[in-house]
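First comes the structure, then the notes that go with it.
The values are calculated or read from the model by the stated rules, or taken from the named source; none is laboratory data. Predicted model only: the values in this text are computed from it and were never measured. Cβ atoms come from the backbone with ideal geometry, glycine included; neighbour counts cover every protein chain shown. Heavy atoms of the whole protein, side chains included, go into the accessibility calculation; ligands, DNA and RNA do not. Shrake-Rupley method; radii C 1.70, N 1.55, O 1.52, S 1.80 Å.
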Amino acid sequence: MAEELALLVADVFEAAGALRRAGETLAGAEGQTQARWQLMSVVSEESLPVARAARRLGVARQGVQRIANELVRDGLAEFRDNPDHRTSSLLALTPSGRRALEAITARAETAHRAMGEGIAQADLAALRALLRRLTEQTDQWAEAEAEAEAEAGTGTGIGAEAGGAKRGTRSRAATERLSE
């Protein structure tokens, strides 16, 4: 089981790389980058503070801030006052940003049809369900691991030898929490 999961993780990373390269091509055809496309997409439904957009993308806030500043500079987005937090502006798309996002999205829809050629809809749905389940279980494991590290007083990362904890101790504790 562990070996098959390790191979799946490698396949997911390989697929992510291929999709990232395809995304760069799609976004590049509209004069954008994949990172800009992702950020425009995240704030397309609702304006968000940069920190929340970064959390949704799963990346560092500083990198998202840089991209947000570029989008604003290029007239594709704007910062708006945040009624809930005076020092954390909301990032919103401008009409130009919406047009750019729509153009990339149209290209992506065409590309997705080509990429999915010959793959049954049911197979795609099953794969998505499995990936969502794996993501949820991975997040649960990571949370339990972090709690175990905090209890052990280490907080130094998975597998670290700090605080007198033996290698593997935290993983067993985290695994026990997951089975509760």
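Worth a mention:
- At most 13 other Cβ within 10 Å, DSSP loop - GluC sites (Glu not before Pro), the range 1-84: Glu45, Glu46
- Of Pro49, Pro95, Pro83, the residue with the greatest mean-square motion in the GNM of the chain, using alpha carbon springs below 10 Å, is Pro83.
- Trp37 - accessible surface, heavy atoms, 1.4 Å probe, Å² rounded to 10: 40 Å²
- Protein accessible area in the chain, 1.4 Å probe - carbon and sulfur %: 53 percent
- Normalised size of the range 64-130, defined as Cα radius of gyration per 2.2 N^0.38 Å with N residues, equals 1.64.
- Top of Ala54, Ala68, Ala146 by mean-square fluctuation, Gaussian network on the chain, Cα under 10 Å: Ala146
- Förster-model FRET efficiency, 30 Å R0, Thr138 and Glu46, C-beta, rounded to 0.05: 0.65
- GNM top mover of Ala77, Ala100, Ala126 - the chain, alpha-carbon springs below 10 Å: Ala126
- Angle in degrees between helix 2-28 and the longest Cα principal axis of the chain, rounded to the nearest 10: 20 degrees
- In this structure the chain gives 68 Å² per residue of accessible area when probed at 1.4 Å with all protein chains present.
- Based on alpha-carbon atoms, the Kirkwood radius and the radius of gyration of the chain give Rg/Rh equal to 1.05.
- With viscosity 0.890 mPa s and temperature 25 °C, the Kirkwood radius over alpha carbon pairs of the range 1-103 converts through Stokes-Einstein to a diffusion coefficient of 166 µm²/s.
- Computed from the C-beta positions of Glu102 and Leu7, the FRET efficiency with R₀ = 30 Å rounds to 0.20.
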